[in-house]
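Student: Have a look at the structure that comes next, please.
Readers should treat all values here as calculations from the given coordinates under stated rules, not as data from a laboratory. All figures in this text were calculated on a predicted structure; none of them were measured in a lab. Glycine also receives a Cβ, built like all others from the backbone with ideal geometry; neighbour counts cover every protein chain displayed.
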Amino acid sequence: MKLLDLFTLLVAAALAFLKAQFPKLPASIGATLGGAPVSLALLVLVTRQVPLAVRAVDLVREVDFAFQGVLPFLLFAGALGLNSHAR
C-alpha cells in the first residue's frame, strides 16, 4: 500500500470516528466540518513543499471534472438531497 493510500485511510477513519461521536450532526455539516480542516492542512503542507501533499494535489488536478462527464453526475447527486417542498 502506498503512503498516500495509507494517509487517505487514516483521515477517513478519523473523520468517521468524529462522526460517530456526534450522531445528531447532519451528514452535510459533518462532511464540511471534516473536509475544511483537511483542505486547509493540505494547502499549508503544499506551500511548505511536502512531497505527499504535492502529489495529492497533483492527483486531484489531473481529474478534469467538467469535460469528462463527472460534473453533471455530481450536480445531480447533490440535487437529490434538496428539499423542493420548503415553505
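Student: Answer with one residue from Ala56, Leu9, Phe73: the one whose Cα lies farthest towards the positive end of the charge dipole of the chain, charges on Cβ with Lys, Arg +1 and Asp, Glu -1.
Tutor: Going by the charge dipole, the pick is Leu9.
Student: Follow-up question, since we're still on this one. Which value, in debye to the nearest 20, gives the size of the charge dipole of the chain about its Cα centre, when Lys and Arg are +1 and Asp and Glu are -1 at the Cβ?
Tutor: Dipole about the Cα centre, nearest 20: 300 debye.
Student: With n ≥ 4 as the cut-off for DSSP H runs, can you work out [θ] at 222 nm for the chain, using -39500 (n - 2.57) per run divided by the number of residues, rounded to the nearest 500?
Tutor: So the calculated ellipticity at 222 nm is -24000 deg cm²/dmol.
Student: Based on other C-beta atoms within 10 Å, arrange Leu15, Leu25 from fewest to most.
Tutor: In increasing order of surrounding Cβ atoms, one gets Leu25, Leu15.
Student: Based on DSSP loop calls and a cut-off of at most 13 other Cβ atoms within 10 Å, the longest stretch of the chain free of exposed chymotrypsin sites (Phe, Trp or Tyr not before Pro) is what? Don't skip to the end; give the middle numbers.
Tutor: Working: sites that count: Phe65, Phe67.
By the stated rule (loop sites, at most 13 other Cβ atoms within 10 Å), 1-64.
Student: Between Val11 and Leu80, what length in nm is gained on full extension when 0.36 nm per residue of separation is reduced by their alpha carbon distance? Write down the numbers at each step before the final one.
Tutor: On the way: separation 69, 0.36 × 69 = 24.84 nm, distance 2.66 nm.
Fully extending the segment from Val11 to Leu80 adds 22.2 nm.
Student: Which value results when the Cα radius of gyration for region 3-80 is divided by 2.2 N^0.38 Å?
Tutor: Cα-based Rg divided by the globular estimate yields 1.28.
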